[in-house]
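Engineer: Structure in structure tokens, see below.
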Amino acid sequence: MNQPPSEVIFSLAPLAGDKSSESCVFQYDHGAIKLRAPKKRGRPRGSTKKTQSSSSSNESGDIQSDYDFVNVTTEQKHVDQDARVKIRKRVMVNHMRLKRVERQKHNEHSRLPVTRMNSFDPFDVSPFHLEPYMHDLLKFYITTGWKSFYSIEKYADFNPTADYWLPMAFQDGAFLHTLLGCADSRGPNRPRSIRHLNAAISIVNRRITNIRSVTDETLLVVATVAIIEKSRGAHDRWQAHMEGLRNLVNLRGGLTCLESKPLLMGKLYRADLCGSIDAVQTPYFSGRYIPVPSATTNTGVHTKGFQRLEKNITLDETLKYCINSLADAVQSMKRLKSKKGGCAEAAQIRFWFTATQYTLLSVDYQNSQTSLQICGLALILFSTCLTSEQNTQLPVCDMLIAKLQGLWEEGSFRPLGADFTLWTIFLAFCTVSDDRLREWCLSALRTTANDMGVRSWEEISQVLETFLWDSDLFDYKYLDIWNDTRG
């Protein structure tokens, strides 16, 4: 039999006495070991794809012949098929490379740097670090909350908070704190609002100690804080802020120097009127809107209810001017609500309300002119109800209504007639917040309605519509009041 193949392995330099250097024999019982050759890359043998592609290219040669290379050089050189394939490959490779480079550049520019909450943000333009709840407050204030402070401008789609105040706030830390406090001030106890307002006041106090010039932001901070303090019922604090605001305006050069900034002046006027209306006192910036004699001479009243009232008492020209201004404002408000007016008409309505309130508060009636004084107070209440920018749950007009209560108890309403008294008491009920004054309003309404002999809401509405009236605004409010009276 044939012996199986074997191999003998031995050392070329054996060491004496070393058994590991002795020769050894390896036998292959199953034949010699077969090793696989390295696998070649590429298409396997016998593949027909190459021939098919070549045949298909030949078949479509007639179609591709229309798309040929254009030689833009002066050399008349023939480009064969292999060169064209090579050129196409190089062009496609370069095209894909450029796309990758462009994609990488786009990703690098679009990726924002990831920073920690306490790290420095190079894109932060606010005067101080804004926490997440501050972003929520600002978003609420510029999208929804501003409508309660600008009830006229909202119908003209004019948002002073987003268009004017917020850009200024990002340039001034005190004013930004004020906006945050104002956005969170809809309620009696708001600790975050108080914290922001105190921060704003402390910044302004540091400025005043080394004051060189009074900026617009400083005036806005003091005016806004005064409005918020009065809305919370802190009348004494409102007076302190208004004293400081008047001094700052005088240092600025007076209101005449601010005539080119109507929104800033409007903020100052609103801060002045919000407390002066409640206290029925002469405003701090009084005398600016007193109508000239040419505007008040031979003025007739166009409202039927006030025409009947004029038969009972003699209305002075100032009251007639204010009645007509408010009547024009009511008609303009109806056009504005129906989207037929714009920003110019909203500004005109705001001017009418401001001018009327300043005029009525600046007139000093004598003690013998209680009837005219009641008419002036009723017109002030109507202007406040029509704008509806005050929170009725807060004492914003209780001092004025308490004065009306005193005049009622003195019997000063008798010469005015029951219909005018009914209209005035309804206006007082819309703005009252004190429980005792609310009880007085209910009692006065019952007494007046019984004296007039009216029993239904239809009869009441017919009386009220003869005076200054906005059915869209007042109908549902007055109906609820009448139901409370009947309850």
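Here, each number is a calculation from the coordinates, and none is a lab measurement. Owing to the predicted nature of the structure, the values given are computational and were not obtained by experimental measurement. So basically every Cβ, Gly included, is an ideal-geometry build from the backbone, and we count neighbours across all protein chains shown.
Engineer: I need the calculated FRET efficiency for the pair residue 334 and residue 314, taking r as the beta carbon distance and R₀ as 51 Å, to the nearest 0.05.
Structural biologist: Values: r = 31 Å, r/R0 = 0.60.
Using R0 = 51 Å, I get an efficiency of 0.95.
Engineer: While we're here: Gain in length, residue 302 to residue 282, computed as 0.36 nm per residue apart minus the alpha-carbon separation, to one decimal in nm?
Structural biologist: 4.4 nm
Engineer: Taking the Cα atoms of region 303-486, report the difference between the largest and smallest coordinate on each principal axis, in whole Å and largest first.
Structural biologist: Reported extents, whole Å, longest axis first: 44, 37, 33.
Engineer: Ok, one more. Arrange 12, 130, 400 by Cβ neighbour counts within 10 Å, fewest through most, would you? Please report the intermediate quantities before stating the final value.
Structural biologist: Working: 12 5, 130 16, 400 20.
Taking fewest neighbouring Cβ atoms as first place, the list is 12, 130, 400.
Engineer: Grab the beta carbon distance between residue 78 and residue 104, set R0 = 51 Å, and tell me the FRET efficiency rounded to 0.05. Display every interim value, and only then the final one.
Structural biologist: On the way: r = 40 Å, r/R0 = 0.78.
That gives a FRET efficiency of 0.80.
Engineer: Quick check on the exposure proxy: order 420, 140 from fewest to most C-beta atoms within 10 angstrom.
Structural biologist: On the way: 420 25, 140 14.
If I rank by nearby Cβ atoms, fewest first, I get 140, 420.
Engineer: Given axes a ≥ b ≥ c from the Cα gyration tensor, I'd like to know whether region 199-283 is rounded (a/c under 1.5), prolate (a/b larger than b/c) or oblate.
Structural biologist: Details: a/c = 1.90, a/b = 1.24, b/c = 1.54.
The shape class here is oblate.
Engineer: Here is a further query. Could you sort 239-252, 316-329 so that the peptide with the highest average Cβ count within 10 Å comes first and the rest follow in order?
Structural biologist: Numbers: 239-252: 17.0, 316-329: 19.8.
The densest-packed peptide leads the list: 316-329, 239-252.
Engineer: Now, a different point. For an R0 of 41 angstrom, estimate the FRET efficiency from the Cβ-Cβ distance between residue 95 and residue 170 and round to the nearest 0.05. Intermediate values should be presented prior to the final figure.
Structural biologist: Numbers: r = 46 Å, r/R0 = 1.12.
For R0 = 41 Å, the calculated efficiency reads 0.35.
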